[in-house]
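Everything below concerns the one structure shown next.
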Amino acid sequence: MTAALPETAENRYDLGFARWVRDNVEGGDKLSLCMQCGACSGSCPIGTQMDHGPRKIIAMIRAGMKDEVLSSNTLWNCTSCYRCTVRCPRGIPVTSIIQDLAAKAVEFGYADKKENALFAKSFWWSTSAFGRTDERLVTARYYFSLGFLEGIRRGLANLKIALGMVRTGRMHLGMPHKIKDIKGLTAILARAAEIEAEEANDEL
Amino acid sequence: MTDGAPKSQTIAVVGGGIAGITAALEAAEMGYDVVLLEKGPSLGGRVTRLNRYFPKLCHPTCGLEINYQRIKKNPRIKLMTMSEVQGVTGVRGDYLLTVRKTPRFVNANCTACGACAQAAETEIDNSFNYGMDKVKVAYLPHEHAFPMRYIISPEVIGTPEADKIKESCKYNAVELDQQEETFDLNAGAIIWATGWRPYDASKLDVYGYDSSPDIITNVEMERLAAHDGPTDGKIIRPSDGEPAKRVAMIQCAGSRDVNHLPYCSMICCLASLKHAAYVREQYPDAEVDIYYIDIRAHDKMSSFYERVRNDPGINFIKSKPGHIVVGEDGRPLVCGEQIIEREIYQRPYDLVVLATGMEPSRAPGADQPVDVEQDEHGFLIPAVGNDGGQFSAGVAGGPFDVALSTQSATAAALKAIQAVRAG
Ligand SMILES: Cc1cc2nc3c(=O)[nH]c(=O)nc-3n(C[C@H](O)[C@H](O)[C@H](O)COP(=O)(O)OP(=O)(O)OC[C@H]3O[C@@H](n4cnc5c(N)ncnc54)[C@H](O)[C@@H]3O)c2cc1C
Ligand code: SF4
Ligand code: SF4
């Protein structure tokens, strides 16, 4: 669990937010090094698909734009390619900041209706349960998390593609395939959760 | 510190760039004996390769010429070119320098008539023009070289071509049997003025220096604009010789970057302002874009910045480009985020100039035989060592422009005088 987000008053600028990011977000302690050069956003392969891009997200954090930052699509469109991190002239772990902000956005309910977040959750569910992504289940879970009717609608819209994939052997119809050592994976994930909890405790 | 009077009153100046020349002259004109050691064939260092100086856009040769006259007139300065310091022992007031002198194969009889160069056939890269053109193996370092004397490149020695070169000289100036020699000299104080080299642009892989001839560095731009440069002063696209009318300057190419040079090189903003002015002077219809993080033009430099900024053909774009690639039409494409507007751009140019910074000659990994005290980047500590007899001058001690280099050289001369005088 992360320390509670600062309460935002009516105004949109919460000056406690940058401090909260510094203390709670991975790499957040490096935020003050950013010189707003733009190398990160200019390097991002999907920069045009982002509402703000990494550089502006950092500026917005400093300006205390909590809600805008946590609901930004930048957090979800980032592909973790690490180009920004590698090129940042100040050595700021930009990708870690973006990725951890995405996790925080989920934790604090900013991503409940975000499609990318819902997709990420379905993806994670399948990966942790089977050690693999099962296209059918990930897709179904994702579609229906958008609502029952939406699930039906999207499912039907993609039926042709699905059948094509089955025909060409790209998708199978039986039980989901699991990896060989699913117990091993479960143990790894459990340990990761433990470490995360320990770290959270240490910080308190 | 040593007690008593210094054994030697001579001041050794290592490096004959603008800083070393200044330090040598200041000390000599105060009545002290100076040995000026330069490892290259002529004096002046890097500024000889600049087309013009910011902020006044005057020619470096004027100032250098005056300094050379002062050196010629002053019997207290002993100038040694082709001479590199190999070792230093001793203490303040009593140092022993070991110097290695490499052969020039041309003696003081040389009148710079150029017959040897005509006789020579083999060509080598012209290092004065950063390898952008060729010179013969018998060559004058450059048009304004001081001493005004030819040099013969060692690779030709021992070949019939060398004999031909020797025969061509009417003044008996060619000496093919010159050997490398090592000798010692005494000095009471040492001024290190070993200068800098351009940061290696090949290390900036995202800026594609090696991927297109039309992506060049700022030091190459100085040569492109110089009348004695590889293009006789025409600013062209190296790939096809066409006029370069859409030009981009990329600031902080390697400087202020923890992956390269973490410090600000201080002169590159001003150098790019100067380069934009070169382009605009040549082509009234040219357009120059300067990509910057922030423009560092302080104090007296700010009026120069204002002047350049008022030129409608020069645009200032606040953005550190992410990368430069070669576009489908073969022109370099500068890609990044324009930060005020948050616009993602991709723009083609005729010529892209990387404003690379200055790295001290003694940067880590550089081949510098003598071990002296320096910081993690290779800049010397102003009072080198702790015995109070060694000092740094010019860019050897920090990223300075010419004015600051000469100021630090004057300061070093004064310190050196104190060291050899009082003991
Ligand atoms: C693109 C560009 C443009 C610039 N334009 C301007 C401008 O317009 N105006 C301005 O004020 N400044 C300008 N500068 C900065 C200017 O070039 C430096 O301030 C100046 O060259 C510093 O002189 P220096 O004597 O310290 O070093 P250098 O010029 O590097 O001289 C050092 C000398 O020492 C010699 N040497 C090195 N090691 C040894 C050794 N071990 N033994 C003997 N000799 C040795 C070298 O051969 C060299 O001759 C520019 C810089 C760049 C990169
Ligand atoms: S590249 Fe680094 S310093 Fe530049 S804007 Fe991005 S995070 Fe800031
Ligand atoms: S890691 Fe994310 S934000 Fe950074 S460049 Fe890649 S996609 Fe863009």
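The values are calculated or read from the model by the stated rules, or taken from the named source; none is laboratory data. Worth saying up front: this structure is predicted, and the values here are computed from it rather than measured. Here the Cβ positions follow ideal geometry from the backbone for every residue, glycine too, while neighbour counts run over all protein chains shown. Accessible surface areas use protein heavy atoms only, side chains included; no ligands, DNA or RNA. Shrake-Rupley method; radii C 1.70, N 1.55, O 1.52, S 1.80 Å.
What the table below lists for this structure:
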{"read-out": "Scan of region B:187-230 for residues that are in contact (Cβ under 8 Å) with a residue 24 or more places away in the chain, on the phi < 0 side of the Ramachandran plot and within 14 Å of chain A (Cβ to nearest Cβ), ordered by number", "value": "B:TYR199, B:LYS203, B:LEU204, B:VAL206, B:TYR207"}
{"read-out": "Residue within region A:115-122 that is modelled with pLDDT of 90 or more and within 30 Å of A:LYS66 (Cα to Cα) present", "value": "yes"}
{"read-out": "Selection count, region B:72-92, where residues are out of contact with any helix residue (DSSP H, G or I) (no Cβ under 9 Å at 6 or more places or on another chain) and under 17 Å from B:GLY15 (Cα atoms)", "value": "10"}
{"read-out": "Residue that is nearest to B:VAL14 (Cα to Cα), among those in region B:191-231 that are open to solvent by 10 Å² or more (accessible area, probe 1.4 Å) and among the acidic types (Asp, Glu)", "value": "B:ASP200"}
{"read-out": "Answer from B:ASP125, B:ASP205 - the residue that is at pLDDT below 95, not polar (S, T, N, Q) and not assigned by TED's automatic domain parsing to the domain that holds B:GLU373", "value": "B:ASP205"}
{"read-out": "Qualifying residue in region B:39-57 (condition: near ligand 1 (Cβ under 10 Å from one of its atoms), among the polar types (S, T, N, Q) and more than 28 Å from B:ASP228 (Cβ to Cβ))", "value": "no"}
{"read-out": "Condition check for B:ALA108: more than 30 Å from B:ALA419 (Cα to Cα), in contact (Cβ under 8 Å) with a residue 12 or more places away in the chain, of a type in the set (A, V, I, L, M) and buried (at least 17 other Cβ atoms within 10 Å of the Cβ)", "value": "no"}
{"read-out": "Strands (runs of 3 or more DSSP E) enclosed by region B:325-423 - at least 3 residues per element that are among the hydrophobic types (A, V, I, L, M, F, W, C)", "value": "B:332-338, B:351-356"}
{"read-out": "Total residues in region B:195-241, condition closer than 21 Å to B:HIS144 by Cα and in contact with a Ser or Thr (Cβ under 9 Å, 6 or more places away or on another chain)", "value": "8"}
{"read-out": "Every residue from region A:91-117 that is within 16 Å of ligand 2 (Cβ to nearest atom) and either outside the structural domain of A:GLY38 (by TED's automatic domain parsing) or not acidic (Asp, Glu) (or both)", "value": "A:GLY91, A:ILE92, A:PRO93, A:VAL94, A:THR95, A:SER96, A:ILE97, A:ILE98, A:GLN99, A:LEU101"}
{"read-out": "Residue within region B:326-333 that is free of Cβ contacts under 8 Å to residues at least 60 places away in the same chain, open to solvent by 50 Å² or more (accessible area, probe 1.4 Å) and away from chain A (no Cβ under 14 Å) present", "value": "yes"}
{"read-out": "Breaking point among (1) under 30 Å from B:SER255 (Cβ atoms); (2) more than 12 Å from ligand 2 (Cβ to nearest atom); (3) not charged (D, E, K, R), for A:CYS88", "value": "(2)"}
{"read-out": "Some residue of region B:359-377 being among the polar types (S, T, N, Q), within 14 Å of another protein chain (Cβ to nearest Cβ) and either closer than 21 Å to B:GLY15 by Cβ or touching a Phe, Trp or Tyr at 6+ places or on another chain (Cβ under 6 Å) (or both)", "value": "no"}
{"read-out": "Flag for A:ASP67 being open to solvent by 20 Å² or more (accessible area, probe 1.4 Å), assigned to a helix (DSSP H, G or I) and in contact with a Phe, Trp or Tyr (Cβ under 8 Å, 6 or more places away or on another chain)", "value": "yes"}
{"read-out": "Enumeration of residues in region A:18-41 that are open to solvent by less than 10 Å² (accessible area, probe 1.4 Å), within 11 Å of another protein chain (Cβ to nearest Cβ) and not in a loop (DSSP other than H, G, I, E, B)", "value": "A:ALA39, A:SER41"}
{"read-out": "Count of region A:51-69 residues which are without any contact (Cβ under 8 Å) to a residue 60 or more places away in the chain and more than 13 Å from ligand 2 (Cβ to nearest atom)", "value": "7"}
{"read-out": "Region B:358-408, subset acidic (Asp, Glu) and more than 13 Å from ligand 1 (Cβ to nearest atom), residue surrounded by the fewest Cβ atoms within 10 Å (Cβ to Cβ)", "value": "B:GLU376"}
{"read-out": "Region A:122-132: number of residues that are within 17 Å of the chain's Cα centre (by Cα) and open to solvent by 20 Å² or more (accessible area, probe 1.4 Å)", "value": "5"}
{"read-out": "Filter result for A:CYS44 (closer than 30 Å to A:ALA193 by Cβ, crowded, with 19+ Cβ neighbours inside 10 Å and at the interface with chain B (Cβ under 9 Å from one of its Cβ atoms))", "value": "no"}
{"read-out": "Pair list, Cβ under 6 Å, 6 or more apart: region B:17-40 residue without any contact (Cβ under 8 Å) to a residue 24 or more places away in the chain and within 14 Å of chain A (Cβ to nearest Cβ), other residue away from ligand 2 (no atom under 16 Å from the Cβ) and open to solvent by less than 10 Å² (accessible area, probe 1.4 Å)", "value": "none"}
{"read-out": "Matching residues, region B:231-267, being within 17 Å of the chain's Cα centre (by Cα) and away from chain A (no Cβ under 14 Å)", "value": "B:MET266, B:ILE267"}
{"read-out": "Subset of region B:232-262 (residues that are assigned to a loop (DSSP other than H, G, I, E, B), hydrophobic (A, V, I, L, M, F, W, C) and crowded, with 20+ Cβ neighbours inside 10 Å)", "value": "B:ILE235, B:ALA244"}
{"read-out": "Contacts under 7 angstrom Cβ, first residue in region A:79-93 being under 17 Å from A:ASP29 (Cβ atoms), partner within 6 Å of ligand 2 (Cβ to nearest atom), 6 or more apart", "value": "A:THR85/A:VAL94; A:CYS88/A:ALA39; A:CYS88/A:CYS40; A:CYS88/A:VAL94; A:ARG90/A:CYS34; A:ARG90/A:MET35; A:ILE92/A:CYS34"}
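Quick grid of which residues meet (1) closer than 30 Å to B:ASN51 by Cβ; (2) not charged (D, E, K, R):
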{"site": "B:VAL99", "(1), (2)": "no, yes"}
{"site": "B:THR102", "(1), (2)": "yes, yes"}
{"site": "B:VAL106", "(1), (2)": "yes, yes"}
{"site": "B:ASN109", "(1), (2)": "no, yes"}
{"site": "B:GLN118", "(1), (2)": "yes, yes"}
{"site": "B:ILE124", "(1), (2)": "yes, yes"}
{"site": "B:PRO141", "(1), (2)": "yes, yes"}
{"site": "B:MET148", "(1), (2)": "yes, yes"}
{"site": "B:LYS170", "(1), (2)": "no, no"}
